[in-house]
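Single-structure report; data block below.
The values are calculated or read from the model by the stated rules, or taken from the named source; none is laboratory data. Owing to the predicted nature of the structure, the values given are computational and were not obtained by experimental measurement. Every residue, glycine as well, gets a Cβ built from its backbone with ideal geometry; the counts of neighbours run over all protein chains shown. Accessible surface is based on the protein model in full, side chains and every heavy atom, while ligands, DNA and RNA are left aside. Shrake-Rupley method; radii C 1.70, N 1.55, O 1.52, S 1.80 Å.
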Amino acid sequence: MERILITGAAGGLGKLLRAELKGWAKVMRINDIADLGEAAADEEIVQCDLGDLDAVTAMVDGVDGIIHLGGKSIEGTFEEILNSNLRGTYNIFEASRRHGGKRIMFASSNHAIGFHVREQSLDGTSAQRPDSIYGLSKCYGEDLARYYFDKFAVESVSVRIGSCFPEPRDRRMLATWLSPADFVRLMKCIFDADRVGVSMIYGVSNNRETWWDNSHAAFLGWQPQDTSEIYREKIEAAHPKPHWDDPAVRYHGGMYAKVGHFEDP
Ligand code: NAI
Ligand code: 15L
């Protein structure tokens, strides 16, 4: 690729990709509302609010693919989520359409399906079941992806990311953990594929305990290499076994499903 755009480049996953995808495209255009520091020789920095359609349309001009990470990444107020996730993600899809439909990786989340119970394994046909306003915004992003492909042939892959951190942080993440290296490999598969249509894949490593089946997305050729199992002993020693009926244990979304409405006093 000549030029890839990464939104949310000042965030956790954005910093990871800024470093690990260096040299993959000739130019990496990076965006955030926050400061991104100095641009390297092969980088272009665009600091703008994803909620600004004119700015986003200009930013997407000339790119061959978009890795859309930018947005509110946890539960928040409706106003925050409205601007960064609903308006921001609409602006990305609409800007792609205006520039001929560049392929998009949309960072969705397990919180789009967080209210399914853990005994139920999910696959490509499972219904959305958001566990939060944040999760709802990811459902909206996935539906935007569907609409923009059906009507305008904008290709995309929505990745329902589990928990992408250097290590799992609690017992739940033994099932939901996505290693940073597997995430990087997935990004390459998504943009190397000849065709992706409008697809969804669960972003999860090769963990022993798993709630998500990715066989519907085998065509992407992504084979996660890492497993949370090497952290099990450490995690189990640090985190006592919770009661089986605790809502944070009952549902895929964990605490997001348990807590009440964010804006309640
Ligand atoms: P993060 O919170 O570290 O990074 C998000 C970035 O987006 C921040 O740098 C922030 O400044 C930027 N941003 C927010 N609103 C913006 C706006 N209106 N305009 C421009 N930039 C804006 O989040 P993280 O962990 O890097 O996640 C990246 C994406 O992946 C997010 O969309 C998140 O929802 C999704 N995701 C991440 C998971 C994880 O385990 N890290 C799990 C599931 C989904
Ligand atoms: C997410 O969607 C969040 O972006 C991340 O911060 C974690 O909370 C993750 O889900 C998770 O479920 O562990």
Charges only on Cβ, +1 for Lys and Arg, -1 for Asp and Glu: so what's the dipole of region 108-188 about the Cα centre, in debye to the nearest 20? 120 debye
Place a +1 charge on the Cβ of each Lys and Arg in the chain and a -1 charge on the Cβ of each Asp and Glu, then give the dipole magnitude about the Cα centre in debye, rounded to the nearest 20. 500 debye
Springs between alpha-carbon atoms under 10 Å, Gaussian network over the chain: tell me which of E75, E233, E94 tops the mean-square fluctuations. E233
Here region 66-75 yields Karplus 3J(HN,Hα) values (6.51, -1.76, 1.60; θ = phi - 60°; whole Hz; Gly and Pro given as x) of 10, 9, 9, 9, x, x, 6, 9, 9, 4
Please list, in chain and number order, the residues 5+ apart from M200 or on another chain whose amide H is under 5 Å from its amide H, with Hs placed from the backbone. S158
Taking a 1.4 Å probe, which of T89, T210 shows the most accessible area, and what order do the others take after it? T210, T89
In whole percent, and with a 1.4 Å probe on the protein chains, what portion of the accessible area of region 40-150 is carbon and sulfur? 49 percent
For a quick check of understanding: with a 1.4 angstrom probe and all protein chains in place, what accessible area in square angstrom does I45 have, to the nearest ten? 60 Å²
Charge dipole of region 3-258 about the Cα centre (unit charges at C-beta), most positive-ward option of C164, H216, V63: H216
Which of H116, H68, H99 ends up with the largest GNM mean-square fluctuation for the chain, with Cα atoms connected below 10 Å? H99
Please compute the contact order of the chain in relative form: average sequence separation of alpha-carbon pairs under 8 Å and at least six residues apart, divided by the residue count, as a percent. 17 percent
When all C-alpha to C-alpha distances in the chain are sorted into bins of 5 Å, what percent of pairs does each bin hold, rounded to whole numbers? 1, 6, 13, 18, 20, 18, 12, 8, 4, 1, 0
Out of residues 5 or more away from I161 or on other chains, whose amide H comes under 5 Å of its own, with H placed 1.01 Å from N in the peptide plane? S108, S109, N110, G203
Given K15/K138; K22/K72; K102/K138; K138/K258; K72/K102; K188/K258, the pairs whose alpha carbons are separated by over 29 Å: K188/K258
Once amide H atoms are placed 1.01 Å from N in the peptide plane, what residues at a sequence separation of 5 or more from D123, or on another chain, have their amide H within under 5 Å of its amide H? D213
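Counting heavy atoms of the protein chains only and a 1.4 Å probe, report the per residue accessible area for the chain as a whole number of Å².
Working: 12230 Å² over 265 residues.
Spelled out: the 1.4 Å probe surface of the chain, per residue, equals 46 Å².
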Across region 82-94, in residue order, what do the Karplus-derived ³J(HN,Hα) couplings come to in whole Hz, using 6.51 cos²θ - 1.76 cosθ + 1.60 with θ = phi - 60° and x for Gly and Pro? 4, 6, 6, 9, 6, 5, x, 6, 4, 4, 5, 5, 5
By a straight-distance test (C-alpha under 14 Å), which aspartates and glutamates pair with K234 as possible cross-link partners, with residues fewer than eight away in the same chain excluded? E167, D170
Measuring from the longest principal axis of the C-alpha atoms of the chain, the long axis of helix 133-152 (C-alpha) lies at a number of degrees, nearest 10, equal to 50 degrees
Of the candidates G11, G70, G221, which one comes out as most mobile in a Gaussian network treatment of the chain with C-alpha springs shorter than 10 Å? G221
